[in-house]
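Have a look at this one.
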Amino acid sequence: SLRQLMAVVDADTFALLSRAAQLEHWWLHHQFCGRCGSATEQHTVDLALECTACRALFYPRISPCVIGLIVDGSRCLLAKHARSKSQRYSCLAGFIEVGESAEQAFIREVKEEVDLDVANLRYVTSQNWPYPSQLMLGYIADYAGGDISVDGVEIEHAAWFSMDNLPELPPVGTISRQLIDSFFQTSVE
């Protein structure tokens with residue numbers, strides 16, 4: 001699977017495979033026009049599908065998401081997601097809703113999932129995430145208050161971890177792992 005390949009191929013190869021998977025998903029799910037219901041076909045110039053009847057154009061959609069690591073001194077908050085079959089802990093993440101900035105979305109997601117307040121959000125990096133077609137915007141944020149209270153829907157468990165007591169982490173190559181490694185590398189220096 002693409003998830004398994006992430007751990008064994010270089011970043012450029014994964015980006016190419018990821019793009020192919022996203023385009024395949026788009027083509028499979030946009031065979032018919034959302035306006036009139038007629039068949040679509042590949043546009044002759046653009047990376048778009050064009051309706052054969054009303055000529056409407058449909059471009060590949062990317063869903064913007066936020067992901068972030070909450071830090072407090074030398075520790076960070078990691079969470080076990082309710083749908084995960086592994087014992088892996090990761091950063092908090094979620095989709096950006098209509099009318100929100102990326103920063104507002106992360107603050108909202110943190111409040112909804114673990115009932116904490118955060119401040120001083122710092123953009124770190126982004127990653128194409130092809131499940132099925134997302135752009136993850138990665139942040140580090142400072143803990144600003146509250147007690148961990150997981151929602152029990154998306155998050156099963158969350159806790160503070162220091163470098164000497166880390167749980168099972170996401171694979172190298174994921175944006176979550178990049179944020180975690182970056183934080184602990186910086187806190188050691």
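The values are calculated or read from the model by the stated rules, or taken from the named source; none is laboratory data. Keep in mind the model is a prediction, meaning the values are calculated, not measured. Note: ideal-geometry Cβ built from the backbone for every residue, glycine included; neighbour counts use all protein chains shown. Heavy atoms of the whole protein, side chains included, go into the accessibility calculation; ligands, DNA and RNA do not. Shrake-Rupley method; radii C 1.70, N 1.55, O 1.52, S 1.80 Å.
So, R0 is 35 Å and r is the distance between the beta-carbons of Asp72 and Leu5; what FRET efficiency does that work out to, to 0.05?
0.50
Still on this structure, please answer the following. Once amide H atoms are built 1.01 Å from N in the peptide plane, which residues 5 or more positions from Leu92, or in another chain, come under 5 Å H to H?
Residues meeting the criterion, in which the H sits 1.01 Å from N, are Gly68, Ile70.
Another question, then. How many nm separate the modelled label positions at Trp27 and Glu100, each set 7 Å beyond the Cα in the direction of the Cβ?
It works out to 3.3 nm between the two label points.
Can I ask one more? To the nearest 0.05, what FRET efficiency results for Ser84 and Gln42 with a Förster distance of 35 Å applied to their C-beta separation?
For R0 = 35 Å, the calculated efficiency reads 0.40.
Sticking with this structure for a sec: How charged is the neighbourhood of Cys33? Take every other residue with its Cβ under 13 Å from the Cβ of Cys33, and add Lys/Arg as +1 and Asp/Glu as -1.
0
Now a separate question. If amide hydrogens are placed 1.01 Å from N in the peptide plane, which non-local residues have theirs closer than 5 Å to the one on Glu156?
Lys80, His81, Ala82
Enumerate the amide H contacts of Val118 below 5 Å, restricted to partners 5 or more residues apart or on another chain; note that Pro and chain-start residues carry no placed amide H.
Residues meeting the amide H criterion: Ala144.
Size of the dipole of the chain about the Cα centre, Lys and Arg at +1 and Asp and Glu at -1 on the beta carbon, nothing else charged, in debye to 20?
Charge dipole of the chain: 560 debye, to the nearest 20.
Whole number in Å², please: accessible area per residue of segment 18-57, 1.4 Å probe, ligands, DNA and RNA not counted.
Here the residues of segment 18-57 average 64 Å² of exposed surface.
Roll a 1.4 Å probe over the protein chains and send me the accessible area per residue for segment 144-189 in Å².
Solvent-accessible surface per residue comes out at 56 Å².
What are the ³J(HN,Hα) couplings of segment 5-10, residue after residue, when phi is run through the Karplus curve with 6.51, -1.76, 1.60 and θ = phi - 60°? Round to Hz, x for glycine and proline.
So the Karplus estimates, Gly and Pro as x, are 5, 3, 7, 10, 10, 6 Hz.
Within 10 Å, at most 14 other Cβ atoms, and a DSSP state outside H, G, I, E, B define an exposed site. Report the longest part of the chain free of exposed trypsin sites (Lys or Arg not before Pro).
Looking at the chain, 86-189 is the longest stretch - no exposed trypsin sites (Lys or Arg not before Pro) with at most 14 other Cβ atoms within 10 Å.
Roughly what angle does helix 175-188 make with the longest principal axis of the chain, taking Cα atoms, 0 to 90 degrees, to the nearest 10?
Long axis of 175-188 versus the principal axis of the chain: about 30 degrees.
For segment 64-71, what does the Karplus curve 6.51 cos²θ - 1.76 cosθ + 1.60, with θ = phi - 60°, yield as ³J(HN,Hα) per residue in whole Hz, taken in order and with x for Gly and Pro?
Calculated HN-Hα couplings, in order: x, 10, 10, 9, x, 10, 8, 10 Hz.
Once you have the alpha carbon radius of gyration of segment 1-60, what is it after dividing by 2.2 N^0.38 Å, with N set to its residue count?
1.41
Further question: What is the sum of charges around Pro132, taking Lys and Arg as +1, Asp and Glu as -1, for the other residues whose C-beta is under 11 Å from the C-beta of Pro132?
Charge balance in the 11 Å sphere: 0.
Can you grab the distance from the C-alpha centre of segment 157-189 to the C-alpha centre of segment 70-142, Å, no decimals?
A separation of 13 Å, based on Cα centres.
With Cα extents along the principal axes in Å in mind, check (1) 60, 37, 30; (2) 84, 47, 27; (3) 57, 42, 29 and report the label derived from this structure.
Among (1) 60, 37, 30; (2) 84, 47, 27; (3) 57, 42, 29, the one calculated here is (1).
Do the sum for the chain: with -39,500 (n - 2.57) for every DSSP H run of n ≥ 4, divided by all residues, what is the mean residue ellipticity at 222 nm, to the nearest 500 deg cm²/dmol?
-8500 deg cm²/dmol
Using the Karplus curve 6.51 cos²θ - 1.76 cosθ + 1.60 with θ = phi - 60°, work out ³J(HN,Hα) for each residue of segment 145-154 in order, rounded to whole Hz, and write x for Gly and Pro.
Those phi angles translate into x, x, 10, 4, 9, 6, 6, x, 9, 8 Hz.
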